[in-house]
């Protein structure tokens, strides 16, 4: 490391503070699921695919009666219908 770098006032930890009420985790999802959410964000002109996944899971919790597969299929169908309507 170069001597001109001075880290004597540096602090350990993240540069950006964590978002309240959010927990960083590692999760394994199928590639087709991730790609679908990423494509939705891209078509929308930006955003965060992880937030979209979080919203889908929140919707599932609110409608706890349905299996997660049905909720995800319904959410995807709704999004596809909105896309077709705007094209």
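Some observations on this one:
- In a fully extended conformation the segment linking residue 82 and residue 66 would gain 3.6 nm over its present Cα-Cα distance, using 0.36 nm per residue.
- Ranked list, fewest to most other Cβ atoms within 10 Å of each Cβ, for 75, 15: 15, 75
- Shape call, region 1-71: gyration tensor on alpha carbons, a/c limit 1.5: prolate
- Size descriptors for region 31-86: radius of gyration and Dmax over Cα atoms are 11.4, 33 Å.
- Efficiency of FRET between residue 12 and residue 48 - r from beta-carbon atoms, R0 35 angstrom, step 0.05: 0.85
- R0 of 22 Å, Cβ-Cβ distance residue 29-residue 59: FRET efficiency to nearest 0.05: 0.85
- Calculated [222 nm] ellipticity per residue, helices only, for the chain: -17500 deg cm²/dmol; basis is -39500 (n - 2.57) per DSSP H run with n ≥ 4, divided by all residues, nearest 500.
Coordinate-derived values only; no laboratory data. Everything numeric here is computed off the predicted structure, so don't read it as measured data. Because the Cβ atoms are built from the backbone with ideal geometry, glycine has one as well, and the counts that use them run over all protein chains shown.
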